[in-house]
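One structure is given here, and the rest of the page talks about it.
No value in this document is a laboratory result; all are computed from the given coordinates. Predicted, not measured: the structure shown is a model, and the values here were computed from it. A quick note on method: Cβ atoms are made from the backbone with ideal geometry, for glycine too, and the neighbour counts reach across all protein chains shown.
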Amino acid sequence: MTEALSAEIDVLPEVRETLKRPQLLIIGDHEVAAHSGETFDTLNPSTGSLLARVAHADRDDVDDAVRIARAALEGSWRMVTASERGRLLNKLADLIDAQAGELAQLESLDNGTPVGVTRNGLLPGVAAHFRYFAGWADKIDGTTIDTGMPGMSVQLQREPVGVVAAIVPWNFPLTMATWKIAPALAAGCTVILKPAEQTPLTALALGRLALEAGIPPGVLQVLPGLGETAGAALVEHPGVDKIAFTGSVEVGQAISRVAVGTMKRVSLELGGKSPSIIMADADINLAIASAASGIFFNSGQVCSAGSRLLVQSSVFDDVINGIVGAAEQIRVGSAFDPATTMGPLISSEQVDRVSGYVELGRGDGGRVLTGGTATNPNGFYYQPTVVVDAPATSRIVREEIFGPVVVAQPFESIESLADKANDSPFGLAAAIFTRDARNSHHLSRILKAGSVWVNCYGYVHPAVPFGGFKMSGAGRDGGRESLDQYLETKAIWTNYAW
Ligand code: NAI
Ligand code: MG
C-alpha cells in the first residue's frame with residue numbers, strides 16, 4: 001500500500017486492512033506465495049499509483065492448484081449433495097451482499113469504475129448471479145431415450161465437465177469471474193480463477209469468501225498472474241478440462257489453438273463493435289440517452305459497448321448534437337470522487353491504444369466533434385469522444401477500441417441498414433431505437449448479434465444468455481445455456497435382456 005492511497009482516497013477500514021495484507025495465491029485453503037517468490041504490481045488507475053504487490057503464479061503453482069482441484073472434484077466436492085451445493089452458493093451470495101461496500105471499494109480502487117456504480121450497479125448482480133445458479137444446482141437431471149431396441153435401456157446422465165480454468169479480464173473483475181464460477185460450481189466442477197493482472201484484488205477476496213462460506217478447499221482457487229505465465233500454464237495443463245475465457249479476440253484464438261491439443265472444452269466471450277441503430281421514428285431523447293450510456297458506461301470498456309452509431313440521415317444532426325451534448329456533460333475523474341460520472345481507463349497502455357485509434361481515425365478523414373484527448377497526467381483518463389465522417393473501411397470503424405469513443409455513420413433506409421449493421425467481423429450486441437414494431441421485429445431477426453436491445457441498451461440478467469455470434473466468441477454466460485457448458489452428457493446403454 002502507498003501513502004498516496006491514504007492521502008487521497010477515503011475508503012473503509014476493512015479495505016485498508018485488506019490492502020495491508022500480503023496478496024497471495026489461494027491454493028487449497030492456504031494463502032501462499034508463488035513458488036518463484038515473484039510478485040507483480042497492481043495500480044490504481046485513478047491515480048496511477050501502486051495499490052498492492054501480488055504473488056505471481058507460474059507453472060509450478062498451476063501444477064499444485066490443478067492437482068488439488070482434481071482431488072476436490074473427485075473427493076470432497078463430489079461428496080457434497082446437489083442441494084448442499086446450492087446452499088453453499090447462496091451462502092456465498094449472502095457474504096457478498098454483507099461485504100458489498102468493501103468489495104466495491106476494492107474493485108474500484110483496482111479498476112477505476114466509479115465506486116457508486118460498482119456498489120449499486122454491479123455488486124447486486126454478482127450476488128444475484130450466484131443465487132440464480134444456486135437454484136440450478138439440484139435441478140440438473142438426465143433423461144431416458146426409447147430407442148425401440150428390445151431389452152435395451154438408454155439413460156442420459158449429466159456430469160460436471162471437471163476442472164475449469166476461468167481466465168477473466170479487468171473491465172468488470174468480479175462480474176466476469178462470477179459469470180464463470182457460479183454455473184461451474186452449480187454443475188459440480190472445480191474452478192481455478194486467473195484474474196487479469198490489472199485487477200487481482202477482488203478475485204482474491206472472493207476466494208477467501210468462498211472458503212468462509214464453507215465451500216470445500218480446492219473447489220475455488222485463485223491464481224493471480226500474467227497472461228503469458230499463469231494464463232498460458234493453465235491453458236496448456238493436461239489436468240484442466242475446460243477454459244472459460246473473456247477477453248481479446250487474439251488471446252481467445254491463441255487459447256483455442258493450444259486447448260485443442262488436449263481437446264479442452266473452450267467457451268469464449270470476446271470483443272465487439274456493436275451498433276446502436278437510431279431510426280428517424282425513434283423517441284430521440286430516449287435514443288440519445290441510451291446510446292450515450294451504451295458507449296460511455298465504464299469508460300467504454302465494455303465488450304458489448306455500442307461503439308458504432310448508425311443514425312437515419314434525417315435525424316443524424318439532431319442525434320449527433322445530442323450525443324455530443326451527453327459526452328460533454330460527463331465528469332471524467334477519480335473513481336472515488338462523488339462528482340465523477342466516468343472513471344479512468346484501466347492503464348496507460350489502454351490510453352495509448354484508445355488515442356492511437358482516434359489518431360488513425362483522424363488520419364482517415366474522421367472528424368472529432370468532442371473529446372479526442374487524454375487528460376490528467378496522474379491517472380489514466382481519456383475524454384468521451386465522438387467521431388464522424390470516418391470511412392467504413394477505417395480501422396476506427398471496424399476494430400474494437402475498448403474506450404469512450406463512438407463513431408457515427410448515417411444511413412438512408414432500413415433496406416441499406418442491415419448490411420451496414422452486420423458489416424463487422426463481430427456479433428456481440430446491437431441496439432435498435434424505433435417506435436415502429438415492424439422495424440424492430442425485422443431488424444432483430446436479421447442482425448447477427450447475441451444480444452439485441454430494443455429501445456434500451458446493455459441489459460444483462462443471470463437468467464438471460466449473453467455471448468457472441470461470429471468473432472465475438474463461442475458459448476454463452478448466463479441462463480441454462482451457461483450451465484450446459486459446464487456439463488458433459490454421458491449415454492448409458494443397459495442391456496437388461498442378456
Ligand atoms: P487480454 O485478452 O490480453 O486479457 C484478458 C485475460 O487473458 C487476462 O486475464 C490476461 O491475463 C489473460 N491472458 C492474456 N494472454 C494470455 C495467454 N496467452 N494465455 C492465457 N491467458 C492470457 O486483454 P487485454 O490485453 O487486457 O486488453 C486488450 C484488448 O482486449 C482490449 O483493448 C479490448 O479490445 C479487448 N478486451 C475485451 C474484453 C471483453 O470483455 N471482451 C475484456 C478485456 C479486453
Ligand atoms: Mg489495478
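Summary of the geometry: the stretch 367-409 and the stretch 459-492, compared by the centres of their Cα atoms, lie 32 Å apart.
Taking a ≥ b ≥ c as the square roots of the eigenvalues of the Cα gyration tensor, the stretch 180-237 is oblate, since a/c reaches 1.5 or more and a/b is not larger than b/c. Using the Cβ-Cβ distance between E481 and A33 with R0 set to 45 Å, the FRET efficiency from 1/(1 + (r/R0)^6) comes to roughly 0.70. Subtracting the Cα-Cα distance of A437 and E488 from their residue separation scaled by 0.36 nm leaves 14.3 nm.
Taking a straight line from the alpha carbon of K20, not one of the lysines sits under 18 Å away once near neighbours fewer than eight places off in the same chain are left out.
Along its first, second and third principal axes, ordered by size, the chain spans 75, 67, 38 Å in Cα coordinates. Both numbers refer to the Cα atoms of the stretch 275-473; Rg and Dmax are 15.9, 50 Å. In plain terms, the residue of L95, L185 with the fewest other Cβ atoms within 10 Å comes first and the most crowded comes last, giving L95, L185.
The distance linking the stretch 48-69 with the stretch 170-239 is 11 Å (Cα centroid to Cα centroid, whole angstrom). Label separation (T81 vs T393): 6.6 nm, computed from points 7 Å beyond Cα along the C-beta direction.
Pairs with C-alpha atoms separated by more than 19 Å, drawn from the list K448/K470; K242/K490; K420/K470; K194/K264; K194/K470; K194/K242, are K194/K470. Placing R0 at 25 angstrom, the Cβ-Cβ distance between R445 and D423 gives a FRET efficiency of 0.90 after rounding to 0.05. Counting only the Cα atoms, the stretch 1-121 fills a convex hull of 121 Å³ per residue. Most simply put, the chain has about 45% antiparallel DSSP beta bridges, counting only bridges with both residues inside it. Each peptide in 297-308, 140-151 gets a packing score, the mean of other Cβ atoms within 10 Å over its residues, and the list from highest to lowest is 297-308, 140-151.
For the listed peptides 276-284, 353-361, a ranking on the average number of other beta carbons within 10 Å per residue, highest first, reads 276-284, 353-361. Counting only lysines at least 8 places from K91 when in the same chain, those with an alpha carbon closer than 19 Å to its own are K139, K180. Of all aspartates and glutamates in the structure, the ones whose alpha carbon falls short of 16 Å from that of K273, not counting any fewer than 8 places away in one chain, are E250, E399, E400, D419, D423. If you look at the Cα atoms of the stretch 13-269, you get an Rg and a Dmax of 18.5, 72 Å.
Could you calculate the FRET efficiency of L156 with R362 from 1/(1 + (r/R0)^6), where r is the beta carbon distance between them and R0 is 56 Å, rounded to 0.05? So the FRET efficiency works out to roughly 0.45. Couplings 3J(HN,Hα) for the stretch 256-265, derived from phi with the Karplus relation 6.51 cos²θ - 1.76 cosθ + 1.60 (θ = phi - 60°), are 4, 4, 6, 5, 5, x, 10, 6, 4, 5 Hz, where x marks Gly and Pro. In plain terms, the residue of K420, K264 with the fewest other Cβ atoms within 10 Å comes first and the most crowded comes last, giving K420, K264.
Electrostatic bookkeeping for R476 treats Lys and Arg as +1 and Asp and Glu as -1; over the other residues with beta carbon under 11 Å from its beta carbon, the sum is -3. Sorted ascending by nearby beta carbons within 10 Å, beginning with the fewest, I320, I181 become I320, I181. Dipole orientation for the stretch 13-269: of the candidates A205, N120, A230, N120 has the Cα lying most toward the positive pole (charges on Cβ; Lys, Arg +1; Asp, Glu -1).
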